[in-house]
Amino acid sequence: MTVLETTGLTITLDGQPLVRDVSLSLAARDRVGLIGESGSGKSLTALALLGLLPPGMRTSGRILIDGEDHLGAPDRRWRRVRGRTVSIVFQEPLTALDPLMPVGRQIAGPLRLHQGLNRSDAERRAIEWCDRVHLPDPARLVRALPHELSGGQRQRVALAMALACRPRVLIADEPTTALDVTVQAQILTLLDELIEETGVGLLFISHDLPVVAGLARHLLVMRTGRLVESGPVDDVLRRPRSGYARQLVASAAQVTRLARPSVHGEYR
Amino acid sequence: MSDPILSGHQLTRWFPGRTHPALDGVDVTVRQGISLGIVGESGAGKSTLLRQLLGVDRPTSGEIRFTGQPLDRIRHRAFRRQVQVVFQDPRSSLNPRMSVASIVAEPLRSLHIGTDRAARAERVAEVLTAVGLRPEDGRRYPHEFSGGQRQRIAIARALAPAPRILLADEPVSALDVSVRLQIIDLLKDLVDRLGLTLVLVSHDLAIVSQLCQEVLVMRHGRVVERGPTVDVLTNPADEYTRALLAAIPQLPLDLEEEP
């Protein structure tokens with residue numbers, strides 16, 4: 001069943017359209033990748049889907065969450081669905097986490113808000129979540145402040161926080177872009193494991209085609225505010241229809257070839 | 001084997017308040033015409049090493065040599081004419097208030113190259129053309145250019161004094177994927193055409209494999225593996241190098257084998 005659906009989503013700033021006529025839908029267990037370069041409008045789309053656009057931006061179209069239109073809804077209605085029905089993790093967990101609050105309390109926050117858990121139950125659940133995202137020594141780690149953790153550990157905390165209230169859709173906006181390549185690989189493995197276990201529907205946003213292709217089953221390609229291509233990952237990779245998608249696939253294939261000299265061995 | 005032009009011997013660099021050195025006994029040799037890649041993840045010490053090779057930071061112990069001479073015995077201008085640098089983010093490395101022509105001419109002025117304004121203007125037009133821009137682009141300002149074009153401007157500036165060595169610190173990481181390949185092609189072309197020796201710092205082995213004949217893999221301030229790029233990538237001896245290779249996101253293999 002569809003959890004999140006947007007049709008004809010258009011975002012304008014001072015009359016300039018930044019996102020034009022975007023439609024997409026997500027159900028539990030869906031794995032959708034949204035790919036595009038910087039400035040293509042992919043992050044704005046993500047923010048709009050959670051009612052988090054900066055003031056001054058205007059939206060039109062529909063954003064249905066469990067069938068209810070949330071476009072232009074007051075913040076108190078958005079707060080009921082954020083974290084509970086739809087969650088998000090951002091690129092840089094350091095800016096998404098409160099620097100002065102122990103990470104355990106940050107994971108516990110949404111549990112208290114949405115599930116009415118008392119403090120000690122929520123903190124116990126936070127420890128369980130730290131364990132689920134494979135953070136070392138969870139009982140001690142929940143007392144740490146974000147800056148005491150590594151970038152990869154912080155992103156694990158952000159994932160625990162996003163998934164703690166069992167949302168049915170998770171939006172991940174470039175969640176590994178700020179990480180080193182070996183840490184990125186670990187977080188991608190973790191994300192794969194968590195969405196499989198929890199059944200949460202995934203909207204994975206990235207500029208990096210090989211990263212998206214590894215997780216998503218359906219691919220959306222965005223350019224200058226519009227969706228220019230949509231289809232199963234395999235089809236888009238093998239038979240990209242738009243010129244832009246062809247270019248993205250060709251670039252990614254070239255990088256893949258470079259990284260695999262034992263197979264191709266075509267450089268000096 | 002060609003001669004070493006720039007080398008570091010047992011370089012160690014401590015930063016105050018740290019429990020581990022950023023560089024820990026690193027040896028590095030840059031030979032004429034043999035481009036070198038320095039790879040590793042954040043905190044490995046690659047940028048610290050690059051700053052030593054650039055002569056903008058001093059090692060706590062150890063020595064940098066240029067054409068066989070210790071760096072502190074060489075006149076700064078003579079060194080800087082031969083060794084230039086390009087940084088990661090062309091947004092922050094170009095002065096927004098200067099025209100492109102004066103940005104590119106800046107090293108010529110500061111290094112006293114070119115007899116007069118006209119000679120410098122000629123050189124600026126030449127290097128702008130070499131990086132795929134037009135001489136008339138010199139009249140414009142950095143903000144009028146895309147990220148990829150700005151990186152071309154930064155490369156033109158580095159090339160202006162006709163250096164032998166170009167150091168580049170993650171020169172394509174801030175760029176979008178398709179633009180990245182264009183800048184890699186440009187660097188490759190410049191190395192071939194101008195006989196430049198490139199020293200490239202990157203976390204991305206795919207890019208190093210494209211541009212560098214030799215590679216040095218760093219972790220925690222030390223060199224864990226070094227050798228011809230093709231050997232290191234096809235037959236990595238070190239466990240960390242293997243993990244680094246395995247972590248590179250790739251498209252499904254079967255995809256590429258279609259015509």
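Values quoted throughout were computed directly from the atomic coordinates according to the rules given, and no laboratory measurement underlies them. Model, not experiment: these values are computed from the prediction. Ideal geometry is used to build each Cβ from the backbone, glycine not excepted, and the neighbour counts take in all protein chains shown.
Some observations on this one:
- Calculated SAXS-style log₁₀ I(q)/I(0) at q = 0.16, 0.23 Å⁻¹ - region A:91-151, Debye, Cα scatterers: -0.47, -0.94
- Along its principal axes, chain B has C-alpha extents of 56, 55, 40 angstrom, given from the largest down.
- Cα-based shape type of region B:1-96, given that a ≥ b ≥ c are square roots of the gyration tensor eigenvalues and the cut on a/c is 1.5: rounded
- Close amide H pairs (under 5 Å, H built 1.01 Å from N) link B:Gln88 with B:Asp169, residues at least 5 positions away or on another chain.
- Evaluated over the Cα positions of region B:109-259, the convex hull gives a direction-averaged projected area, one quarter of its surface, of 11.9 nm².
- Taking other C-beta atoms within 10 Å as the exposure proxy, B:His203, B:His220 rank B:His220, B:His203 from fewest upward.
- Estimated translational D of region A:31-147 in µm²/s (Stokes, Kirkwood radius over Cα pairs; 20 °C; 1.002 mPa s): 131
- Taking other C-beta atoms within 10 Å as the exposure proxy, B:Arg80, B:Arg75 rank B:Arg75, B:Arg80 from fewest upward.
- Global dimensions of region A:2-264 from alpha-carbon coordinates: Rg and Dmax equal 18.6, 58 Å.
- Estimated from helical segments only, the mean residue ellipticity of chain A at 222 nm is -12500 deg cm²/dmol, where each DSSP H run of four or more residues counts as -39500 (n - 2.57).
- Largest-first principal axis extents, alpha carbons of region B:174-233, Å: 31, 27, 19
- Region A:109-218: C-alpha gyration tensor shape, a/c 1.5 cut-off, then a/b vs b/c: oblate
- Scattering from the protein assembly as shown was approximated by placing one identical point on each alpha carbon and applying the Debye formula without solvent; log10 I(q)/I(0) at 0.13 1/Å stands at -1.33.
- DSSP bridge analysis restricted to the protein assembly as shown gives an antiparallel fraction near 55%, rounded to the nearest 5.
- Which of A:Trp129, A:Trp78 has the fewest Cβ neighbours within 10 Å, and the rest in rising order: A:Trp78, A:Trp129
- On a per residue basis, the convex hull of the C-alpha atoms belonging to region A:64-109 measures out at 102 Å³.
- Within the shell of other residues whose beta carbon sits under 15 angstrom from the beta carbon of A:Arg223, the net charge comes to +1, with Lys and Arg scored +1 and Asp and Glu -1.
- The Cβ shell under 13 Å around B:Val30 holds other residues with a net charge of +1, Lys and Arg each +1, Asp and Glu each -1.
- Contact order for chain B, expressed relative to its length and based on alpha carbon pairs under 8 Å spaced 6+ residues apart, stands at 25 percent.
- Among A:Arg80, A:Arg29, A:Arg257, the largest mean-square fluctuation in a Gaussian network model of chain A (Cα springs under 10 Å) belongs to A:Arg257.
- Charged neighbours of A:Gly8, selected by a Cβ distance under 15 Å, balance to +1 (K, R count +1; D, E count -1).
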